[in-house]
Amino acid sequence: ARFPEGCACCASRRCHGGRAEEGEASGGHRWGLDRGGSGSSPGLALRVVAGTRAGVATTGLVGLAVCESPHDRLRILYAKILDVLEQVPKTAAYRKYTEQITNERLGMVKAEPDVKKLEDQLQGGQIEEVILQAENELSLARKMLQWKPWEPLVEEPPANQWKWPI
């Protein structure tokens, strides 16, 4: 089944490819399908199987549901970011600083099993917000590979282009 509104954990349409099968638990997100409808016209109704993480029923943020296994999700995302960064030249500033931050955060995720303490260490809001930030960084890293901002300009910029105020 397709979920056009995206993943309940991160509100991303890319998470899990926007797909889940009946009863599937994927990446810590639990999806299910209810057979809905009335009488002779049984329709399909989407149901997100409510899951809680250590008693947390909601993030309190619209469109951002609780992630049941944030450590696993962050480990996967940070590993993917580091894999993409391996393809960027070592001299590129983007690689140097993003790799440093990602390794620091990955170390925190591996070292701290308590979600609340991890949120405090990462200083990025709720853990679901940190997951969203990591997904956005992965997307940016992939775009940077296409854009190649570390390569020289094709043509010289106009004189005083970077001078402000004019």
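The values are calculated or read from the model by the stated rules, or taken from the named source; none is laboratory data. The model shown is predicted, which means the values in this text are computed figures rather than measured ones. Here the Cβ is made from the backbone with ideal geometry for all residues, glycine too, and neighbour counts use every protein chain on show.
The table for this structure:
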read-out: So Ile127, is it within 12 Å of Leu74 (Cβ to Cβ) and not hydroxyl-bearing (Ser, Thr, Tyr); value: yes
read-out: Evaluation of Asp120 against (1) assigned to a helix (DSSP H, G or I); (2) at pLDDT below 95; (3) charged (D, E, K, R) (one fails), failing number; value: (2)
read-out: Complete set of residues in region 116-134 that are surrounded by fewer than 20 Cβ atoms within 10 Å (Cβ to Cβ), under 9 Å from the mean Cα position of the chain (by Cα) and within 14 Å of Leu106 (Cα to Cα); value: Gln133
read-out: Where Ala141 falls short, out of the listed (1) closer than 18 Å to Pro70 by Cβ; (2) in contact (Cβ under 8 Å) with a residue 40 or more places away in the chain; (3) aliphatic (A, V, I, L, M); value: (1)
read-out: Qualifying residue in region 139-152 (condition: at pLDDT below 95 and either closer than 26 Å to Gln87 by Cβ or in a helix (DSSP H, G or I) (or both)); value: yes
read-out: Glu135 in contact with a strand residue (DSSP E or B) (Cβ under 8 Å, 6 or more places away or on another chain) and part of a helix (DSSP H, G or I); value: no
read-out: Qualifying residue in region 73-89 (condition: crowded, with 16+ Cβ neighbours inside 10 Å and among the basic types (Lys, Arg)); value: yes
